[in-house]
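A short worksheet on the structure shown next.
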C-alpha cells in the first residue's frame, strides 16, 4: 500500500456545489496532513493544514481528519470554476519534515 | 510567496550531459527539498537538506546529487542526464512552528533529448 492514496479523478461538480476530495494514508506516515492545489503548469500551493482529529475550516475550505479510519478529506463549498485544479494530499513522514504526496485528484467545476 | 526562486525555468539538454538546477531562498529556512513531478507518480522526493552541507537521499535519488554550501542555495545536479529524467523539478522549503508546512518554487521543466 502506498503511504498516501488519492483517486485520480476527474471529479466533476457543478458550480455552486460542494466538492469532496478524499485521501487515505498508511501507518507509515505521521499525523500532520496538508492539501495543496495545483493549476496546470504551476507549482503546488498550500491551501490547508490539519494536525488533529476533526474539522478545520478556512473560508470555503474544510479539512477533515479521521485518524481511526486513516483518511483526510477536503470539502470545497460553493465550488467555482476557478477551483478547477489538481488537489494534492500530503502527509508528514515524521522525519526531517519530509512530505509524501498522493498522486492528486483532478477537480473540474462545470458551469 | 516564500521567497523561493528556481533557475533555469526551462531547459533542454542532451543525453549524457551534466545539468545543474538551482534553488535560491531569501528567508533563511533550514530545510530544503528537491522533488520531481511526473504524470501518474505525483511528487517524489529526490534529495533534501537540513542545513549547510547536511543533505540526505529521498525516494528517487539515483542519478542525482545535491549540494548546499550556503543556507540560501540548494543545487541539484544530474550527473549524466538520461531521457528518464525528463520531468518538472520543484524545490521546496519548510516553514511553520514544527517545520512541516512546505512551500514550493515555480518549478523547472527539464527535457532530456
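Quick notes
- Entry note, chain B: relative contact order of 35 percent, from Cα contacts under 8 Å with a spacing of 6+ residues.
- For the residues of B:56-66, the average number of beta carbons from a partner chain within 10 Å of their own beta carbon is 1.
- All-pairs alpha carbon distance profile, segment A:29-75, 5 Å steps from 0, percent: 5, 21, 31, 20, 14, 7, 2, 0
- Based on alpha carbons, the Rg and Dmax found for chain B are 13.2, 43 Å.
- The relative contact order of segment A:1-87, computed from alpha carbon pairs under 8 Å that lie at least 6 residues apart in sequence, is 33 percent.
- Over all projection directions, the Cα-based convex hull of chain A averages an area of 6.7 nm².
- For segment A:15-82 and segment B:24-44, distance of Cα centres in Å: 20
- Full extension of the chain between residue A:39 and residue A:11 gives 8.6 nm of extra length, using 0.36 nm per residue less the Cα-Cα distance.
- Exposure proxy order (Cβ contacts within 10 Å, fewest to most) of A:15, A:5: A:15, A:5
- Values of log10 I(q)/I(0) for the protein assembly as shown across q = 0.11, 0.12, 0.13, 0.16 Å⁻¹ run -0.54, -0.64, -0.75, -1.09, by the Debye formula with one identical scatterer at each alpha carbon and no solvent.
Since every read-out is calculated from the coordinates, none of them should be taken as a lab result. These numbers were taken from a predicted model, which means no experiment stands behind them. Backbone-built Cβ (ideal geometry, glycine too); neighbour counts: all protein chains shown.
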